[in-house]
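Accompanying notes for the structure given below.
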Amino acid sequence: MSSSMYDVAIIGGGPVGSTAAVLLARGGRHVAVFEHETFPRFHIGESLLPFSMKAFTRLGLHEKFLRAGFMKKFGGEIFLTIACFCVTSCTTISSHEFSKPTSDWQNKTGQLMYRTPKTTLIGEALVRFSKTGDFELTVSKGPGITLLSLRQDAAFAEIKGAFARQGWSGPVAQAPPQLRGWLGLRDQFIRAPNQKTVRYAVGNETFLFRF
């Protein structure tokens, strides 16, 4: 194949590469697309912003999407501070020393879906715990965005982060009711340390971990 046959060579036939190829070809350019995968391929999709509709209309895909019958979402809200765990009557004790993670602690990384009747939170979860009952949970929404950080042992707990607002620390037995579900996670992981899926429901709260 002679290089003079094509005006543009595009490496990658994904959404960006294929869109560029179509628009360039419609503009009269000779385009070659190089892609090592076979299409169509399995791919987990996500919600699309309304702004994307302009591009789909330009590509002639908007009507096809409407005919395909995909689920419509008419709006949404993003909450970084969804609930206030700490109220003015909470007693905070900050003098407790928690054990630091060591090489014999078990580490699990995965995803957490947390639900209440009014709240749904999906985030990346890092769980660390020891055979002696020390427990740590970090829920984040990407690098540098920590939604919740929990440290706990048999007697004390400390929770902080955007999702916990002001945070709380103190004896587990004196924890405010809003925290009881989160503080119950420690026992779930210590009892079943090798589970790839951990589901825990208490009151109107549901926690689903997948590792």
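The values are calculated or read from the model by the stated rules, or taken from the named source; none is laboratory data. Since this is a predicted model, take the numbers as computed values, not measurements. Neighbour counts run over all protein chains shown; Cβ positions are idealised from the backbone, glycine included.
Report yes if some residue within the stretch 83-96 is surrounded by 14 or more Cβ atoms within 10 Å (Cβ to Cβ) and at pLDDT 75 or above; otherwise report no.
Checked the stretch 83-96: at least one residue is surrounded by 14 or more Cβ atoms within 10 Å (Cβ to Cβ) and at pLDDT 75 or above.
Hey, can you tell me all the residues within the stretch 161-182 that are under 21 Å from Leu208 (Cβ atoms) and of a type in the set (A, V, I, L, M)?
Looking only at the stretch 161-182, we keep the residues that are under 21 Å from Leu208 (Cβ atoms), and these are 161-164, 178-182.
Correct list: Ala162, Ala164, Leu179.
Just wondering, is there one or more residues in the stretch 138-158 that are under 19 Å from Thr102 (Cβ atoms) and β-branched (Val, Ile, Thr)?
Just the residues of the stretch 138-158 that are under 19 Å from Thr102 (Cβ atoms), to begin with: 138, 149-154, 156, 158.
Of the ones still in play, those that are also β-branched (Val, Ile, Thr) are 138.
Taking every residue of the stretch 138-158 in turn, at least one turns out to be under 19 Å from Thr102 (Cβ atoms) and β-branched (Val, Ile, Thr).
Return the residues of the stretch 166-211 that are among the small types (Gly, Ala, Ser), within 15 Å of Glu136 (Cα to Cα) and assigned to a helix (DSSP H, G or I); say none if nothing qualifies.
Residue satisfying the conditions is Gly181 alone.
On the basis of being surrounded by 14 or more Cβ atoms within 10 Å (Cβ to Cβ), at pLDDT 85 or above and assigned to a loop (DSSP other than H, G, I, E, B), does Gly13 make the cut? Lay out the reasoning, then the answer.
Working: surrounded by 14 or more Cβ atoms within 10 Å (Cβ to Cβ): yes; at pLDDT 85 or above: yes; assigned to a loop (DSSP other than H, G, I, E, B): yes.
For Gly13, the condition - surrounded by 14 or more Cβ atoms within 10 Å (Cβ to Cβ), at pLDDT 85 or above and assigned to a loop (DSSP other than H, G, I, E, B) - is met.
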